[in-house]
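Q: Take a look at the following structure, please.
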């Protein structure tokens, strides 16, 4: 399936043509930026654990689960629509990385980072803001390297944010109940809450 090319994509592609000094940075972030998002997830877990608040722990638990749910929902959509990637549909464009011939709409990467940013927003607003900025940067690099169109990443971010954000409303109470039960276990409690000052002083 092929859709009309958005008018802004050629401008970004021309920008890529004119900025060869940016290519290693953009390719590097597009390929390995996921490490940053993994670090943000760990930071969210650590912050929630340090707070001792099971509501925040439920949010930190949902963040990676929301990512998995969003990607799982997106996969059949991508397969059904099978929209051709820019380097497949458009001749004479600057292509910095080939990502196969699978569909690009909605963008899997954008869905992933969108869901993650929305999940971390429930944990901590500042951390969520960092995740949103990182997600926007990831979306832009996908366009810059000509792996996806603007519409692909916008649709992916929208779907990811919707699932990662709204999904917590549905899953949050159940996760809170499970974490409450798990906190009663001596084996699981250290993973869920840090020791409080009184507890540390009594050791």
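Q: Please compute the length gained on full extension between residue 133 and residue 18, using 0.36 nm multiplied by the number of residues separating them and subtracting their Cα-Cα distance.
A: Numbers: separation 115, 0.36 × 115 = 41.40 nm, distance 2.41 nm.
Extra length available between residue 133 and residue 18 comes to 39.0 nm.
Q: Normalised by the number of residues in the range 9-194, what is the relative contact order in percent for Cα pairs under 8 Å and 6+ residues apart? Before the final figure, lay out the partial values.
A: Numbers: 304 pairs, mean separation 57.9, N = 186.
Taking the mean separation of contacting Cα pairs over the length of the range 9-194, I get 31 percent.
Q: Another question, then. Report the gain in length on full extension from residue 72 to residue 98: 0.36 nm times residue separation, minus Cα-Cα distance, nm rounded to one decimal. Show your work: numbers first, answer last.
A: Values: separation 26, 0.36 × 26 = 9.36 nm, distance 2.28 nm.
Residue separation times 0.36 nm, minus the Cα-Cα distance, leaves 7.1 nm.
Q: Using Cα centres only, tell me the gap between the range 2-76 and the range 130-160 in whole Å.
A: 8 Å
Q: Oh, and also: Between residue 65 and residue 8, what's the calculated FRET efficiency when r is the beta-carbon distance and R0 is 35 Å? Round to 0.05.
A: Working: r = 34 Å, r/R0 = 0.96.
Plugging the Cβ-Cβ distance into 1/(1 + (r/R0)^6) gives 0.55.
Q: How far, in nm, would the chain grow between residue 89 and residue 36 when pulled straight, counting 0.36 nm per residue and subtracting the alpha carbon separation? Display every interim value, and only then the final one.
A: Details: separation 53, 0.36 × 53 = 19.08 nm, distance 3.11 nm.
Extra length from residue 89 to residue 36 when fully extended: 16.0 nm.
Q: Please give, to one decimal in nm, the separation of the simple spin-label points placed at residue 46 and residue 170, each 7 Å out from Cα toward the Cβ.
A: A separation of 3.3 nm, rounded to one decimal place.
None of the figures in this text is laboratory data; all of them are computed from the coordinates on show. Here the structure is a predicted model, which means the values were calculated and not measured. For neighbour counting, all protein chains shown are included, and Cβ atoms are generated from backbone atoms with ideal geometry for every residue, glycine included.
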